[in-house]
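Below: the structure, in structure tokens.
The values are calculated or read from the model by the stated rules, or taken from the named source; none is laboratory data. Since the model is a prediction, treat every value here as computed from it, not as a measurement. Reconstructed Cβ throughout: ideal geometry from the backbone, glycine too, with neighbour counts over all protein chains shown. The area values use the complete protein model at the heavy-atom level, side chains included, leaving out ligands, DNA and RNA. Shrake-Rupley method; radii C 1.70, N 1.55, O 1.52, S 1.80 Å.
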Amino acid sequence: MCGIIGFIGPKKDQKTVNDEVSIQYQRQQDRGTKGYGIITVDKNNKATIHRSLIENAALLDLLRFPSKMVFMHHRNPTSSDNRIDQTHPIIVDNEALTHKYFVIHNGVISNSDKIIETHEKEGFIYT
């Protein structure tokens, strides 16, 4: 099971969305406390990914990086180990694409072998 939180644009009386993300996390904390990925977007539209395996580190990242846009994924691993490289977002970047994508999902991808095979034929490389 996983939790996904996203806030875009602070309220008129706020400069960042970080507090809103923290409050929502507290409401849905039981959806995952064993792996965290946070994407912050600052006032210059620079996106940064912060990853951690423990709750305190993730909450500290929310405090340390004030942002106008934040997406957070928190998880309890169901089909993979609890390692930093297993946290979301998944980065999709390829010269055939117009943009770089940050992917966050909830659930298990059951046909991953077939998808990987198809994508590798198209030149995508999984890491």
Filter the stretch 66-122 down to the residues that are more than 19 Å from residue 47 (Cβ to Cβ) and among the small types (Gly, Ala, Ser), then identify the one that is nearest to the chain's Cα centre (by Cα). 107
When you scan the stretch 79-120, how many residues do you find that are touching a Pro at 6+ places or on another chain (Cβ under 8 Å) and polar (S, T, N, Q)? 1
Which one is nearest to residue 48 (Cα to Cα), of the residues in the stretch 101-115 that are open to solvent by less than 60 Å² (accessible area, probe 1.4 Å) and part of a loop (DSSP other than H, G, I, E, B)? 104
Those residues of the stretch 51-66 which are in a helix (DSSP H, G or I), more than 26 Å from residue 80 (Cβ to Cβ) and either open to solvent by less than 40 Å² (accessible area, probe 1.4 Å) or in contact (Cβ under 8 Å) with a residue 24 or more places away in the chain (or both) amount to 63
Only one of 33, 48, 40, 98 is surrounded by 11 or more Cβ atoms within 10 Å (Cβ to Cβ), of a type in the set (Ser, Thr, Tyr), at pLDDT 90 or above and not in a strand (DSSP E or B), namely 33
Could you tell me which residue of the stretch 1-30 is farthest from residue 51 (Cα to Cα), considering only residues that are open to solvent by 50 Å² or more (accessible area, probe 1.4 Å) and touching a residue at least 60 places away in the same chain (Cβ under 8 Å)? 8
Please determine, by comparing only the residues of the stretch 74-95 that are closer than 13 Å to residue 53 by Cβ and in a strand (DSSP E or B), which one is most open to solvent (accessible area, probe 1.4 Å). 75
